[in-house]
Amino acid sequence: MDWQTPEDSFPTDFITDAQLRALMGRPPISGGWRDGDPVGERKFVSIGSVITEQGEEIPNTRIAYESFGELNEQRDNAILVFHALTGDSHLIGSAGPGHPTDGWWTEIVGPGKSLDTDRYFIVAPNVLGGCQGSTGPGSLSPSGHEWGGSFPYLTIRDQVDAAARFASELGIERFHTVIGGSMGGMHALEWAISHPERVERLAVIAAPPVTTADQIGLNLVQLEAIRSDPYYHGGNYYDAPDGTGPTMA
């Protein structure tokens, strides 16, 4: 079920991005976590192949996550936290190897806090397609190269379905609460729609049930800023020379 890949398990002819950067003195090509980087507090679960709503397949899919507190014998004290678009699974904890920033919900998660880790088992996955350990564009495709711009288009429902399979791998069939803010709130709403039997309570923070015209317009400006970056190359920038990569992104 849970697994972490030690560096010595890689084939001898495989050089990770982290090793390449170290050998060549190159800065990271992106802010994403890559195989070979320090694992930090991450754990990993394999959920097998995923078929998206558009019918595309993502083989050998894994979900990275962090957890806090203990799952009780009844398995009824688990709380699922979905992160926002630019978030990750690092809810609490200091910055360090594998985690460039401190946890983003330190005020909320911990002993005696709103999400009390003395009472609840808090689990926070990095969403499918995320750049912090779960399978995404920076992962290797069946071709042996990074997916990059060829990574399948994902919907919120695709990501929630992957999270549901992840939860099943952990042995959690029903959550005490599912919580999410911003994009994570959309995931929480979708969870309640797609898997109502698997949640008792829902906490949706600063998230809409539909995307409004002004949100679409603002997001389009952000997307075009990334796409117009001369180093973006349609998402296929992992072989960029001298460590150059998207800057406007």
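Odds and ends about this structure:
- Tally, over segment 10-63, of residues that are of a type in the set (D, E, K, R) and modelled with pLDDT under 90: 6
- So residue 161, is it farther than 26 Å from residue 206 by Cβ and either crowded, with 16+ Cβ neighbours inside 10 Å or modelled with pLDDT of 95 or more (or both): no
- Where residue 236 falls short, out of the listed (1) closer than 28 Å to residue 39 by Cβ; (2) loosely packed, with under 14 Cβ neighbours inside 10 Å: (2)
- The selection criterion, being assigned by TED's automatic domain parsing to the domain that holds residue 82, more than 22 Å from residue 40 (Cβ to Cβ) and part of a helix (DSSP H, G or I), does not hold for residue 162.
- Scan segment 169-199 for residues that are of a type in the set (Gly, Ala, Ser) and either over 18 Å from residue 210 (Cα atoms) or free of Cβ contacts under 8 Å to residues at least 24 places away in the same chain (or both) and the total you get is 2.
- Check on residue 133, at pLDDT 95 or above, within 30 Å of residue 219 (Cβ to Cβ), under 17 Å from the mean Cα position of the chain (by Cα) and not polar (S, T, N, Q): yes
- Options 217, 149; residue that is touching a helix residue (DSSP H, G or I) at 6+ places or on another chain (Cβ under 8 Å), part of a helix (DSSP H, G or I) and more than 20 Å from residue 133 (Cβ to Cβ): 149
- Filter result (farther than 25 Å from residue 171 by Cβ and of a type in the set (A, V, I, L, M, F, W, C)) within segment 114-147: 131, 140, 147
Yes/no per residue for (1) touching a residue at least 40 places away in the same chain (Cβ under 8 Å); (2) among the aromatic types (Phe, Trp, Tyr); (3) surrounded by 23 or more Cβ atoms within 10 Å (Cβ to Cβ):
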{"site": "64", "(1), (2), (3)": "yes, no, yes"}
{"site": "99", "(1), (2), (3)": "yes, no, no"}
{"site": "106", "(1), (2), (3)": "no, no, no"}
{"site": "109", "(1), (2), (3)": "yes, no, yes"}
{"site": "114", "(1), (2), (3)": "no, no, no"}
{"site": "118", "(1), (2), (3)": "yes, no, no"}
{"site": "127", "(1), (2), (3)": "yes, no, yes"}
{"site": "131", "(1), (2), (3)": "yes, no, no"}
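The values are calculated or read from the model by the stated rules, or taken from the named source; none is laboratory data. Bear in mind the structure is a predicted one, so any value in this text is a computation, not a measurement. We place every Cβ from the backbone using ideal geometry, glycine too, and count neighbours over all the protein chains shown.
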